[in-house]
Amino acid sequence: MNDIVWLTMRRMRTPLIALILVYFCSVFIIASVPGIDPQGAPTRMTYLEAAYFVAIMATTIGFGEIPYPFTDAQRLTAYILLLPNVVAWLYSIGTILGLFLDPQFREVLQRSRFSQRVRGLGDPFFIVCGFGNTGSMVVNGLMHRGLHAVVLEKKAESVQRMFLDERFQRVPGLACNPASRAHLELAGLSAPNCRGVIVTTNDDHANLKISITAKLLRPELTVLARSENRRVSDNMSSFGTDYVVDPYAIFSERLFLALSSPVKYLVQDWLISVPGSTLREALNPPTGRWIVCGAGRFGSRMLEQLRESAMPFTVVDVHPDRLEGFEYGVLGRGTEAATLLEAGIKDAVGIIAGTGDDVDNLSVILTALDLNRNLFVVGRQENQENDQLFDASGAHLVARRSLIVARRILAVATTPLLQTFLQHLVASPPEFAERTAGRLKSVLDGRAPNLWVVDLRGNMADGLRYAREDGVRLKLGHITHNTRSEDAEDLSCVCLVLERGAQRIFLPDADYELLESDRLLFAGRGSARREMLWGLSDANSLLGYATNKQLPRGAIWRWLWRRQRGAQADNSSE
């Protein structure tokens, strides 16, 4: 606000001085010219009357001559003063209009409004730097999980599109350089309710600078940054960035998981999918020789995983230097049938279209499938606008960079226990993945699950405290039951992790006893979440189900009930 006042006064100084001088000189002159009253006696206007007349004259309102009809001398004076007053007013109004149209003033005004909206956020929020495809997915995901976001985006048109979208109209956004320390502080980096910084721009250098700035100014904040360059990723990790998201590394790891353990890949995909979307069917990538078209940043990661899986492969690339070091390599794009035939497409079991151009990748996929319909196809997609084209291409797996980054960031930022579970899933024996898949399939009804965390503290632990007072041990099965249903109806959800201090129990059974301060990660239907939270907030219903008794409501009645039950216990012991 101080910047707005300062800039306004600086721009309006000259027109205001001119307007004031012309106005007061006109008042003094018009008051000095003698007039005649109705009786013919000479008179002069008071300064108040003169000030009033000059105001209505200069603004062209023109109510008339006051307090008496003017003499010719007064009319001539008014005629002479009319021009400088109108010019002064037009000059001032023109300057004001020019001020509001000035890009610098509008930028200052937008910053002021942005700062006010950020200060008005009372709930926890994340600062999201970059509002492209990835950033918009992240912000949308945060909002669906009940969290707020503040957006910093370099491109003004992206911010304008955000404001035009009904989903993001309440999200504070500013078109600026997200890597600037001043802009990060303006976005609330120092605010106590800021939970972290999420960096999703396309510029790795800018991502690195933002991460460094955030960690230096607020070391305790969570910083999640996107990076597609190994050197930058290592640099980010070296100074304490909490999580570095490399989409190509993530996809290559998931491809390796699909090759080595299709069940683990399936469970992982279910848990990171958009809630409510159709669950992916089981994938069974074949074993044999693969063809990789494109050995750049993406292709090199895929080649590493194929090498680690002991899969034979042939590399196709237009750059001869990239083919050096590979036993089998073919020079070309892979979009031509002759190149693919030379690479052995007829005998291959799979192909990875990993060039940096979506059109080339689509061409590789279509040409390869035309030559060999039994191929397992993996495609790389860079532009979100081509979603439908890749869906229709026949590819079994599509590496959508923005979606990969957004999914991983949301998983780490909003449900940290999910990342813990997924790491355990990958490292565990296949039997654990099969048991998880069986439990999830029994409750999900073919739709991707909602994820939520129950923290048994505060109001959520009232049922546990009352149960302890009444000598009842609450178990996991008690809170996964629909306490509002008269039937024996279990909620459609699965407890994935129970965290108790430094201890973590994965896929705990229904008879596992709950303690205060436990944290539990659930996956299931949204209706199950609502019923579970309602049951935890209504301690009487929860205890009634746990004890199979109708318990009294209200503190006084419960105290009397406990006294009566204690007296009965004493009598029975005698």
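Readers should treat all values here as calculations from the given coordinates under stated rules, not as data from a laboratory. Here the structure is a predicted model, which is why all the values come from computation and not from measurement. All Cβ positions, glycine included, derive from the backbone under ideal geometry; neighbour counts span all protein chains shown.
Over every pair of different alpha-carbon atoms in segment 258-419, take the mean of 1/r and invert it; report that Kirkwood radius in Å.
With all distinct Cα pairs of segment 258-419 included, I get 16.5 Å.
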Check which residues have an amide H placed less than 5 Å from residue 128's amide H, if you skip close sequence neighbours. 150, 151, 152, 198
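Would you mind classifying segment 119-193 by shape? Square roots of the alpha carbon gyration tensor eigenvalues, ordered a ≥ b ≥ c; an a/c under 1.5 is rounded, otherwise it is prolate if a/b is larger than b/c and oblate if not. Don't skip to the end; give the middle numbers.
Numbers: a/c = 1.70, a/b = 1.05, b/c = 1.61.
The shape class here is oblate.
Taking the mean number of other Cβ atoms within 10 Å as a proxy for protection, how do you rank 407-414, 159-166 from highest to lowest?
Details: 407-414: 21.6, 159-166: 13.1.
In decreasing order of mean packing, 407-414, 159-166 become 407-414, 159-166.
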Could you give the distance between the Cα centres of segment 129-149 and segment 36-111, to the whole Å? 54
Most packed first (mean Cβ within 10 Å per residue), the peptides 348-354, 110-116, 196-202, 98-104 order as 348-354, 196-202, 110-116, 98-104
Using 0.36 nm per residue of separation minus the Cα-Cα distance, give me the extension gain between residue 163 and residue 68 in nm, one decimal. 28.5 nm
per DSSP, antiparallel bridges as share of beta bridges in the chain, % nearest 5, sits at 35
What translational diffusion coefficient, in µm²/s and rounded to a whole number, does the Stokes-Einstein relation yield for segment 2-101 at 10 °C and a viscosity of 1.306 mPa s, taking the hydrodynamic radius as the Kirkwood radius over Cα pairs? 107
Residue 434 paired with residue 41, simple spin-label distance in nm, labels 7 Å along Cα-to-beta-carbon: 11.8
Rounded, prolate or oblate for the chain? Axes are the square roots of the Cα gyration tensor eigenvalues, ordered a ≥ b ≥ c, and the cut-off for rounded is a/c under 1.5. oblate
List the residues whose amide H sits under 5 Å from the amide H of residue 289, counting only those 5 or more places along or on another chain, with H placed 1.01 Å from N in the peptide plane. 349
R0 = 25 Å: FRET efficiency of residue 534 with residue 170, Cβ-based, nearest 0.05? 0.40
Need the C-alpha centroid separation for segment 234-250 versus segment 414-479, integer Å. 29
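Need one word for segment 206-328: rounded, prolate or oblate. Basis is the Cα gyration tensor (sqrt eigenvalues a ≥ b ≥ c); a/c below 1.5 gives rounded, then a/b vs b/c decides. Intermediate values should be presented prior to the final figure.
Numbers: a/c = 2.89, a/b = 1.33, b/c = 2.18.
Cα axes put segment 206-328 in the oblate bin.
Order the peptides 38-44, 395-401 from the highest to the lowest mean number of other Cβ atoms within 10 Å of their residues.
Values: 38-44: 9.3, 395-401: 21.0.
Listed from highest to lowest mean packing, they are 395-401, 38-44.
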